[in-house]
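S.K.: Mind looking over this structure? Questions follow.
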Amino acid sequence: MTNVAPSSRVAVVILNWNGKHHLETYLPSVLKWSPDHVDVWVADNGSADDSVAWLRSAHGNRVRIVELPTNVGFAEGYNQALAHIEADWYVLLN
């Protein structure tokens, strides 16, 4: 296994579509176990359930957001989101 140096830019990316209830449940543990040098991103796939507003109010200082205007599906959602995120390593959580 390769160790990632803290100087490496690591991005944990979570694709979301109307999953506010899942973010409320699972995002706190992702944040708890992600070191400070890791950027945690949520790529929102055109949600209509106030996911983005909740993220901004609950985790605005720790979670970065890519807002996609419409739901473009799983693979394309990640493809479009990753085009906006610059890192050395990407961890895609599903």
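S.K.: Return the residue satisfying two criteria in turn: it lies in the stretch 16-49 and is in contact with an Asp or Glu (Cβ under 6 Å, 6 or more places away or on another chain) and of a type outside the set (D, E, K, R), and of such residues it is nearest to Ala81 (Cα to Cα).
M.R.: Pass one, the stretch 16-49, residues in contact with an Asp or Glu (Cβ under 6 Å, 6 or more places away or on another chain): 16, 18, 20, 44.
Among the residues that remain, those that are also of a type outside the set (D, E, K, R) are: 16, 18.
Working: Asn16: 11, Asn18: 16 Å.
Filtering first and then ranking leaves Asn16.
S.K.: So Ala81 fits all but one of (1) under 12 Å from Asn16 (Cβ atoms); (2) touching a helix residue (DSSP H, G or I) at 6+ places or on another chain (Cβ under 7 Å); what number is the exception?
M.R.: All conditions are met except number (2).
S.K.: Of everything in the stretch 1-25, what is among the polar types (S, T, N, Q), loosely packed, with under 12 Cβ neighbours inside 10 Å and at pLDDT 95 or above? Give them in sequence order.
M.R.: Selection gives Thr25 alone.
The values are calculated or read from the model by the stated rules, or taken from the named source; none is laboratory data. Model, not experiment: these values are computed from the prediction. For neighbour counting, all protein chains shown are included, and Cβ atoms are generated from backbone atoms with ideal geometry for every residue, glycine included.
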